[in-house]
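Read the structure below first, then the notes.
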Amino acid sequence: MGAPKSDGDAAPTPSRARRTARVLATLLAIGYPAALLAVVAALRFVGERWWVTTVALYLPRLGFALPLPFVVLAAALRSVRLLALQAASIALLIFPLLGLRLGGPRAPTPGATHLRVFSANIGMGGEGTQPIFDRARATLPDVIALEEVGEDIIAQLPAGFSDYPFLRALDQFAIISRFPIEDAHLAPDVQVGDELVPARYVSCRIVTPGGPIRFYVVHPVSPHEPFSTMRGRHLRNEVLSGRAFEDSPRATLRANTATRLAQVAAIAADAAGAREPVVIAGDTNLPDLSWALAHYLGAYRDGFAEIGRGFGYTYPAQLRRTWMRIDRVLADGRFRFLSFEVLGPRLHDHLSVAAELELTPVGR
């Protein structure tokens, strides 16, 4: 016969196992919403200032919901209060992280001037020109803002928008308007470190029936290229191998981010000096919760954030499912948004957007 087992070798009693399970369930039920809150705070208040949160800004955020069923099950087995706490988890997921909005159209103000704006990144016309004309015309816009417009597309714009008397094309941008366009110019280069880089936006003055406005069409540099470098063949392999954490990929991402921040800062500084009411439209390459968006352009109203409904994702539309909203129409406090739409099908790899605004008469 073998030697008897000591008390120290005894298997855990059922009561000990239950206590351990309860502690783990409690930690999970409390830790999950706390972790989601920490993620929201890190994206919003750190954002582009750290390469890790920069990457996280552009990843599909639905992945943060993967633990939810297990957390709910653990909380349900533990207590009703812990289960109720998961309502906070769900709210953090669907509102700040996934960006759900519950708005809707507004009634117009009597006497106000209305302005309908259509904006699209057309990807150098990769889907052909007719879809561009059809999509824009369907919204009956007063002003059309196009980004990534190639020279071959520019040549076709006068015929495609023949009933729009005013058109200006500068670099990759085109502005088509029912109202006169004045002082249209491509912004000067911006300083990034020791280099000058394109500011990647156009400014113009549009003379509407309610008075002149300052209109910007923007397209700061995308993080797509450095992300492709960091991803390598597969992002998971790059992370597990440690290559994603090497200096070279991070340096590329930091340089790209510095350029984008300088471009957005230039847009904000230009718009802040405008005497006319301001509208900013285009592919901002800034997702929801972006620190840069809030820091530089937080003074401007975001059409979808104010009155949009749903998630409003516009990119990457070439995939089966979009997961970020980077195409925007912003306006200063002299405008009021009446409606906002995200329009499909895609124009290249973006969905287009359309907004109706009103310019309230002075003195009201």
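Overview of results
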read-out: Residues located in the stretch 260-273, provided they are surrounded by 20 or more Cβ atoms within 10 Å (Cβ to Cβ) and either on the phi > 0 side of the Ramachandran plot or not hydrophobic (A, V, I, L, M, F, W, C) (or both); value: ARG260, GLN263
read-out: Residue that is surrounded by the fewest Cβ atoms within 10 Å (Cβ to Cβ) [pool: residues in the stretch 101-125 that are hydrophobic (A, V, I, L, M, F, W, C) and in contact with a Leu (Cβ under 9 Å, 6 or more places away or on another chain)]; value: ALA107
read-out: Residue list for the stretch 198-207, restricted to those being in a strand (DSSP E or B) and in contact with a strand residue (DSSP E or B) (Cβ under 6 Å, 6 or more places away or on another chain); value: TYR201, VAL202, SER203, CYS204, ARG205, ILE206
read-out: Pairs, first farther than 13 Å from THR26 by Cβ and modelled with pLDDT of 95 or more in the stretch 74-93, second surrounded by 14 or more Cβ atoms within 10 Å (Cβ to Cβ) and among the charged types (D, E, K, R), C-beta under 9 Å, six or more apart; value: LEU93/ARG61
read-out: Residue among TYR313, TYR296, TYR300 that is touching an Asp or Glu at 6+ places or on another chain (Cβ under 8 Å), open to solvent by 20 Å² or more (accessible area, probe 1.4 Å) and at pLDDT 95 or above; value: TYR300
read-out: Cross-chain or 6+ apart pairs with Cβ under 8 Å, the stretch 177-189 first and on the phi > 0 side of the Ramachandran plot and crowded, with 19+ Cβ neighbours inside 10 Å, then part of a strand (DSSP E or B) and at pLDDT below 95; value: none
read-out: Members of the stretch 44-58 that are touching a residue at least 60 places away in the same chain (Cβ under 8 Å), among the hydrophobic types (A, V, I, L, M, F, W, C) and over 16 Å from ALA258 (Cβ atoms); value: PHE45
read-out: Residue tally, condition of a type outside the set (Lys, Arg) and in a loop (DSSP other than H, G, I, E, B), over the stretch 315-364; value: 15
read-out: The stretch 162-176, residues that are of a type in the set (A, V, I, L, M), surrounded by 19 or more Cβ atoms within 10 Å (Cβ to Cβ) and over 15 Å from PHE118 (Cα atoms); value: ALA169
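Residue-wise test of (1) out of contact with any Cys (no Cβ under 7 Å at 6 or more places or on another chain); (2) part of a strand (DSSP E or B); (3) at pLDDT below 95; (4) under 28 Å from PRO361 (Cα atoms).
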| residue | (1), (2), (3), (4) |
| --- | --- |
| THR109 | yes, no, yes, yes |
| ILE154 | yes, no, yes, no |
| ILE176 | yes, yes, no, yes |
| PHE179 | yes, no, no, yes |
| GLN191 | yes, yes, no, no |
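The values are calculated or read from the model by the stated rules, or taken from the named source; none is laboratory data. Just so we're clear, the structure is a prediction, and the values are computed from it rather than from any experiment. For neighbour counting, all protein chains shown are included, and Cβ atoms are generated from backbone atoms with ideal geometry for every residue, glycine included. Protein only, heavy atoms only, side chains kept; ligands, DNA and RNA dropped before computing areas. Shrake-Rupley method; radii C 1.70, N 1.55, O 1.52, S 1.80 Å.
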